[in-house]
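Each value in this text was obtained by applying a stated rule to the coordinates, not by laboratory testing. Just so you know, these numbers come straight off a predicted model, no measurement behind them. Quick reminder, even Gly has a Cβ in these numbers, built from the backbone with ideal geometry, and neighbours come from all protein chains shown.
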Amino acid sequence: MNRLKILLPLYNDWRSCNLLLKKINNQLKKRNRMAAIIILDDASTQKTNLSLNNLKNVKSIDILKMKENLGSQKIISIGLNYLRNKKNEIITIMDSDGEDDVTQINNLIDVAEKNKKYVIAASRTRRKESLIFRFLYKVHLLITFFLTFKWISFGNYSSFHSSNIKKILKNKYSWLAYSSCISKNCKIKKVRSSRQKRFFGKSKLSFLGLFNHSLRVISVYQKKIFFVSSIYLMIIFTLRTYINYFEIIICCIIFFNFLIHLIKRRNLQNYNDKYNYIQKRLKIK
């Protein structure tokens, strides 16, 4: 039987994390499974507050404490690097706020155990955010698809055999966006899973944050997008007599590619130095 590890990125949401740990324990109990939990604490300003009572199917809880706030995508990359030499383990990543459907965790693990060469991603079917948020998310999916021909309808919630970690980390893309990184670097199998409401409080992701995250997801495919955009530009130019404001459309496409370049460059600037520096300053509880 494969050993299980569950990574939980977290920033100041200890109340939700405590409830999630109980729910994870209850799901593991149904299948007589034991798992080790690793909390990826993104430099929380709140004092660590864990309730460890009655977690009989959680054999250990470790906390990787970041010294500076990095964002969920970067701390997931750090957490995976921490586990990169593990053998014969199933790794599951899920958000700690309750939005990932914990009732699907056994299903993801089952599929991961049967498909060791694949990353099993929880494909979001229903979402419970506001109407405008859901609309903007659909726009993001469509833009990403028309530029990359990839339908990246999943986030962090995933499960995979530890042999996939080195594939995920083979380049710098996990530093940008975990979902598009695994889409590019790994074989993917999707499992349908609805997006739940947060256990407590409101989402910390603003519309500006969603826009920035969307650009980071897309920037993983920068070279492909440049090629695809060039084809679109040639088509638009060829049909320019039939398209109103074609000059504006062309300028928007060029500007969009430039913006992706800036986002990717900014996030990966001095990547190696930053990565090594952060690894050395990790505090493990």
Report summary line: Under the 7 Å Cα-to-Cβ spin-label approximation, Val139 and Lys187 lie apart by a distance in nanometres of 3.7 nm
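Using only the Cα atoms of the range 120-248, build the gyration tensor, take square roots of its eigenvalues as a ≥ b ≥ c, and label the shape rounded, prolate or oblate: rounded if a/c is under 1.5, else prolate if a/b is larger than b/c, else oblate.
Details: a/c = 2.31, a/b = 1.38, b/c = 1.67.
Since a/c reaches 1.5 but b/c is at least a/b, the shape of the range 120-248 is classed as oblate.
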Query raised in the report: Taking only Cα atoms, what is the 0 to 90° angle, nearest 10, from helix 72-82's long axis to the longest principal axis of the chain?
Result: 50 degrees
Query - Helix-only [θ]222 nm of the chain, DSSP H runs n ≥ 4, -39500 (n - 2.57) each, per residue, nearest 500 - result: -14500 deg cm²/dmol
Report summary line: FRET efficiency (Arg3, Lys280; Cβ distance; R0 25 Å; to 0.05) is 0.40
Report summary line: With the range 1-109 reduced to its Cα atoms and the Debye formula applied, log10 I(q)/I(0) at q = 0.16 1/Å amounts to -0.68
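Which shape class, rounded, prolate or oblate, goes with the range 100-158 when its Cα gyration tensor gives a ≥ b ≥ c as root eigenvalues, a/c under 1.5 marks rounded, and past that a/b bigger than b/c marks prolate? Show your work: numbers first, answer last.
Working: a/c = 4.53, a/b = 1.51, b/c = 3.01.
It is oblate, given that a/c is not under 1.5 and a/b is not larger than b/c.
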Query raised in the report: In nm, to one decimal, how far is the Glu247 label point from the Asn85 one, both placed 7 Å along Cα→Cβ?
Result: 6.1 nm
Query raised in the report: If you project the alpha carbons of the chain onto the principal axes, what extent comes out on each, in Å, largest first?
Result: 70, 39, 37
Report task. Would you pull out the residues with amide H under 5 Å of Lys190's amide H, same chain only if 5 or more places away, H placed 1.01 Å from N? Result -> Ala121
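Suppose the chain between Asn270 and Lys117 were pulled fully straight at 0.36 nm per residue; how much longer would it get relative to their current alpha carbon spacing? Working shown, then result.
Working: separation 153, 0.36 × 153 = 55.08 nm, distance 3.14 nm.
Gain on stretching Asn270 to Lys117: 51.9 nm.
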